[in-house]
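Student: Quick one: the structure is below, questions incoming.
The values are calculated or read from the model by the stated rules, or taken from the named source; none is laboratory data. Here the structure is a predicted model, which is why all the values come from computation and not from measurement. Neighbour counts run over all protein chains shown; Cβ positions are idealised from the backbone, glycine included.
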Amino acid sequence: MIHITLPDGSQREFPGPVTVAEVAASIGSGLAKAALAGKINGKVVDTSHQITANSPLSIVTAKDADGLEVIRHSTAHLLAYAVKELFPEAQVTIGPVIENGFYYDFSYKRPFTPEDLVAIEKKMAELAAKDEPVVRRVLPRDEAVAYFEGLGEHYKAEIIASIPSNEDVSLYREGKFEDLCRGPHVPSTGKLRFFKLMKVAGAYWRGDHRNEMLQRIYGTAWATKDELQQYLTMLEEAEKRDHRKLGRELDLFHIDDHAPGMVFWHPKGWTLWQEVEQYMRRVYRDNGYQEVKGPQILDKGLWEKTGHWDKYRENMFVTESEKRDYALKPMNCPGHILIFKQGIKSYRDLPLRYGEFGNCHRNEPTGGLHGIMRVRGFTQDDGHIFCTEDMIQGEVTAFTTLLQKVYKDFGFTEILYKLSTRPEKRIGSEESWDKAEAALAEGLRASGCEFEYLPGEGAFYGPKIEYVLKDALGRQWQCGTMQVDPNLPERLDADFVGEDGARHRPIMLHRAIVGSLERFIGILIEQHAGALPAWLAPKQVSVLNITDGQADYARTVAKTLLDQGFRVELDLRNEKITRKIREHSMQKLPYILVVGDKEREAGAVAVRARGNLDLGVMPLQDFQAKLAADIASKA
């Protein structure tokens with residue numbers, strides 16, 4: 001007899017081997033119809049999977065995260081099936097699940113067009129409507145290589161040939177299409193109903209620029225029609241908020257082919273940058289950080305000691321002078337250790353907190369660059385805390401509380417906390433890992449944070465916390481981090497004199513709140529759809545006259561506000577006031593002040609707030625107070 005234990009603790013008994021589908025059917029016809037897969041001891045399997053021993057089992061449906069992944073995985077295969085039906089000469093390569101969807105790479109003699117995508121999506125719907133069963137079979141590796149070579153699928157054959165010769169491989173067939181895959185998959189194509197193809201992009205075979213350029217078709221798939229529609233609506237809103245589009249429209253920055261992956265900041269964009277940087281500088285000052293500045297170019301020997309030259313060399317910009325090799329720094333950590341090492345440090349100096357707005361350069365692939373979100377030259381609000389093991393928890397608590405306030409000031413109220421623990425390959429004793437992981441966890445708890453563990457996701461030298469903020473569209477952005485690192489101080493021979501008079505290694509905590517300022521500003525622009533709060537807005541108020549008769553008074557109003565430290569734009573053009581209001585409204589300014597004869601005679605201003613809100617006429621002094629209050633509250 002085989003005993004199956006269900007999630008509620010109840011058991012089902014079967015006389016012999018039983019499939020997941022049969023177990024679901026024994027529970028009820030509704031569950032049998034909804035079943036997409038099963039989960040046994042944490043592993044997701046097909047509904048056709050045969051259970052041969054006593055096992056715990058949960059039935060996976062579209063309501064489960066695992067079920068959604070199975071749907072997306074299977075829809076990628078449905079995409080490949082449709083492409084082969086319409087374009088038999090196309091060769092299929094790989095098609096994994098990604099966040100919110102999937103993609104599949106194809107080799108074909110010509111580029112796919114938007115019209116092709118429409119036809120492929122229509123064919124996918126036709127194939128899904130056939131509700132063809134998805135059937136798994138297993139072949140020896142060499143037999144599978146020969147099979148795909150015989151089909152003319154040379155890329156698949158190459159993938160299989162890289163698998164050890166003594167291993168079997170699994171194939172999944174639906175209708176006339178069969179594909180290499182580990183699975184699991186939905187039991188039949190009729191389970192795939194809510195999907196959409198999004199775009200075509202280029203992708204090198206196996207990610208190597210020396211190989212053929214393939215065509216990557218992206219798609220999205222969801223469990224319900226409503227979820228699909230919500231996602232598509234979110235994408236429409238995201239397109240409106242795209243920081244690249246708003247950067248042009250609001251004249252904030254541009255990217256130029258003369259410096260790929262670098263940002264040219266325009267006056268208004270640089271004003272925004274400075275507001276963010278100066279705010280973070282005050283955060284440093286008020287929370288015990290000493291600001292430092294390290295050089296941009298450091299000798300190859302230092303990067304060899306840190307291990308970056310061996311493991312990160314291809315992502316570093318290198319140069320040579322007087323027969324010495326140097327690299328532009330990709331991170332600030334080694335420089336901070338060199339500063340720490342100047343002079344003798346005592347336990348009384350700890351914790352020692354350094355902060356730097358450090359300019360870094362990383363040789364990111366051109367295809368991975370994205371506006372100011374993913375660049376080659378960037379500035380970090382980088383900080384490093386030198387402390388002892390016993391100080392980690394207190395530093396984590398203080399840092400987390402600080403980070404929460406900073407994010408709130410920038411308009412982010414929802415934060416996710418993730419604790420990455422020891423990976424399989426690591427250095428250090430189990431005791432030190434236990435202490436570090438416990439300190440990070442307790443530090444988060446002391447700040448009132450609920451968090452999830454990411455087992456095995458820590459760095460080889462220590463665990464870390466990822467602080468992930470959610471924006472107005474529900475998208476997640478990992479910006480903040482806190483990493484425990486005993487390794488770099490060891491490699492660069494940093495130490496302090498302990499209470500016992502002996503020399504000890506400090507623990508180095510890598511921490512960042514906003515991370516890359518470029519990326520964070522891009523997130524800010526999209527969070528606020530370009531309508532930045534008054535304290536961040538490059539221009540906080542514009543002053544418009546109706547006719548030339550109010551030009552002098554408009555100048556007086558603008559100068560009065562400028563003298564108070566506000567960022568003011570003055571528009572005295574001989575244009576209709578309606579046109580001027582419309583143009584300035586499109587620049588998403590917090591306030592527009594209109595002055596006519598009545599306002600001039602009363603020493604007042606007519607105030608329009610963003611969103612075309614008419615606040616009426618008020619004394620200039622009252623408006624000054626209102627704007628000052630807005631800025632102070634960071635509303």
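Student: Residue under question is Tyr231, and the condition is that it be among the aromatic types (Phe, Trp, Tyr), assigned to a strand (DSSP E or B) and touching a residue at least 12 places away in the same chain (Cβ under 8 Å); does it hold?
Tutor: On the way: among the aromatic types (Phe, Trp, Tyr): yes; assigned to a strand (DSSP E or B): no; touching a residue at least 12 places away in the same chain (Cβ under 8 Å): yes.
Here the answer is no, as Tyr231 does not meet what is asked.
Student: Checking Arg110 against (1) assigned to a loop (DSSP other than H, G, I, E, B); (2) touching a residue at least 12 places away in the same chain (Cβ under 8 Å), which single condition isn't satisfied?
Tutor: All conditions pass for Arg110, except number (2).
Student: Give just the number: which of (1) free of Cβ contacts under 8 Å to residues at least 60 places away in the same chain; (2) out of contact with any Gly (no Cβ under 9 Å at 6 or more places or on another chain); (3) under 18 Å from Asn363 (Cβ atoms); (4) surrounded by 14 or more Cβ atoms within 10 Å (Cβ to Cβ) does Trp270 not satisfy?
Tutor: Condition not satisfied by Trp270: (3).
Student: Enumerate the pairs (first residue in segment 44-63 and closer than 15 Å to His3 by Cβ; second residue anywhere and assigned to a loop (DSSP other than H, G, I, E, B) and small (Gly, Ala, Ser)) with beta-carbon separation below 9 Å, excluding pairs fewer than 6 apart on the same chain, so at least 6 apart or on different chains.
Tutor: From segment 44-63, the pairs are Thr52/Gly16.
Student: Val97 is checked against (1) aliphatic (A, V, I, L, M); (2) within 30 Å of Glu115 (Cα to Cα); (3) at pLDDT below 95; (4) crowded, with 19+ Cβ neighbours inside 10 Å and fails just one. What number does that condition carry?
Tutor: (4)
Student: Any residue in segment 567-593 that is over 25 Å from Ala628 (Cα atoms) and touching a residue at least 24 places away in the same chain (Cβ under 8 Å) sitting within a Cβ distance under 8 Å of a residue that is of a type outside the set (S, T, N, Q) and surrounded by fewer than 11 Cβ atoms within 10 Å (Cβ to Cβ)? List the pairs, counting only those 6 or more apart or interchain.
Tutor: Asn574/Asp548
Student: Looking only at segment 317-358, how many residues end up being farther than 23 Å from Ile385 by Cβ and in contact with a His (Cβ under 7 Å, 6 or more places away or on another chain)?
Tutor: Of the residues in segment 317-358, the ones farther than 23 Å from Ile385 by Cβ are 317-328.
The next check asks that each one be in contact with a His (Cβ under 7 Å, 6 or more places away or on another chain); those that pass are 317, 328.
Qualifying residue count, segment 317-358: 2.
Student: I'd like to check something: does segment 74-89 contain any residue that is among the charged types (D, E, K, R) and either without any contact (Cβ under 8 Å) to a residue 12 or more places away in the chain or under 17 Å from Trp222 (Cβ atoms) (or both)?
Tutor: Within segment 74-89, none of the residues are among the charged types (D, E, K, R) and either without any contact (Cβ under 8 Å) to a residue 12 or more places away in the chain or under 17 Å from Trp222 (Cβ atoms) (or both).
Student: From Leu524, Leu536, grab the single residue that is crowded, with 17+ Cβ neighbours inside 10 Å, touching a residue at least 40 places away in the same chain (Cβ under 8 Å) and in a loop (DSSP other than H, G, I, E, B).
Tutor: Leu536
Student: Next question. Out of the residues in segment 578-635 meeting the condition of being closer than 22 Å to Ala551 by Cα and of a type in the set (Gly, Ala, Ser), tell me which one is surrounded by the fewest Cβ atoms within 10 Å (Cβ to Cβ).
Tutor: The residue in question is Gly616.
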